[in-house]
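Encoded as structure tokens, the structure appears first; notes follow it.
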Amino acid sequence: MGQCIFCGEKAGLFKREHAECRQKHEEGEKAVWALALKSTEDPQSLTSAVQEVEKISASAWLSKDRLKQLIVAAWEKGAEAAVDRGMLTREEESLLGKYAHDFRLTQDDLNLHSWQQRIAVAAALRDLDDGRFPDRCHLTGDLPFNLQPKERLAWLFHAVCYEQRTRTQYVGGSQGFSVRLAKGLYYRTSVFKGRPVVTSFMSQVGSGALGLTDKHIYFHSPQSAFRIAYAKIVAFDPFTDGIEIHQVAASAKPKVFVTGDGWSVYHLAAKLAQLA
Ligand SMILES: [Zn+2]
């Protein structure tokens, strides 16, 4: 006689679950998802969300891992919705922060798909639109670049840099930089769905740190280190997982930086270049 994987009672010959228990379990998942999602947008829902979610989760036999998965996925959905509504407001930012705090989500949970970085960058873009230089990049170690006096770092990405060996024509994915984005107006994250940015026409320059300041784009890796002034950049091309930079000098080969999060690096670089 098999036991029900949910309630633990006898389930009958060759059976692993009761249909009612399966149904209760699935409804519980849906209820947790709906409540979690609502809590990313409605402060009122969030106040009782942790307790309610735990109650549902216990009665519907949700495992700790599954519950965590749903809570993190709902946070990501909420972050995506907030970023895609346009400029991230302070209220949206603080509610997402409170949600993460109340559900005890870790940095790793939040940045699983780079959403915490996008939220931080969206807030940095709001700072820049408000005429303030963002102070949101707090490093634990030393900065791998020597900034100029009074030069300020906006954000530091992990990046792999590639250089084009030959000029190639790009197809699809790219939005180009010909359209200047108005203040507070950003591409939706779903726009960033180009084909993978790295092609066989590129050679790897190095893997390291990409720093965006108010004056330059810096790159540092064990193999190579350089900086590019915004004034020397003609265009940025955004991709799902990074950006491509075209420089004024015809001799300078286009450089691709893969950060895993094209939305953030593209918008921040483009905004800083506009303001520089
Ligand atoms: Zn059962």
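Values quoted throughout were computed directly from the atomic coordinates according to the rules given, and no laboratory measurement underlies them. Fair warning: this is a prediction, and the values are worked out from it, not measured in the lab. Counting neighbours? That spans all protein chains shown, and the Cβs are built from the backbone with ideal geometry, glycine included.
Tabulated results
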{"item": "Whole-number percent relative contact order across the chain, with pairs defined as alpha carbons under 8 Å at least 6 apart", "result": "14"}
{"item": "Listed pairs 38/68; 77/255; 30/98; 15/77; 10/30 exceeding 28 Å between Cα atoms", "result": "77/255; 15/77"}
{"item": "Within the chain: Cβ-based charge dipole about Cα centre, in debye rounded to nearest 20 (Lys, Arg +1; Asp, Glu -1)", "result": "740"}
{"item": "Residue order, fewest to most surrounding Cβ atoms within 10 angstrom, among 80, 92", "result": "80, 92"}
{"item": "Cα-based helix-to-principal-axis angle, 90-102 vs the chain, degrees rounded to 10", "result": "50"}
{"item": "Between 0 and 90°, nearest 10: helix 64-84 axis offset from the chain longest Cα axis", "result": "40"}
{"item": "Rg(Cα)/(2.2 N^0.38 Å) for the chain, N = residue count", "result": "1.23"}
{"item": "Per-residue HN-Hα couplings for region 142-155 [Karplus 6.51, -1.76, 1.60; θ = phi - 60°; Hz; x = Gly/Pro]", "result": "7, 6, x, 10, 9, 6, 6, x, 6, 6, 10, 8, 8, 7"}
{"item": "Residues 57, 203 arranged by fewest to most Cβ contacts within 10 Å", "result": "203, 57"}
{"item": "Theoretical ellipticity at 222 nm over the chain - DSSP helices of four or more residues, -39500 (n - 2.57) apiece, nearest 500", "result": "-12500 deg cm²/dmol"}
{"item": "Computed label-point distance, nm, for sites residue 73 and residue 275 using a 7 Å Cα→Cβ extension", "result": "3.7"}
{"item": "5 angstrom amide H check on residue 235, placed H, neighbours 5+ away", "result": "246"}
{"item": "Sorted by Cβ neighbour density within 10 Å, fewest at the top, the residues 121, 205", "result": "205, 121"}
{"item": "On Cα atoms only, tilt of 19-39 relative to the major axis of the chain in degrees", "result": "40"}
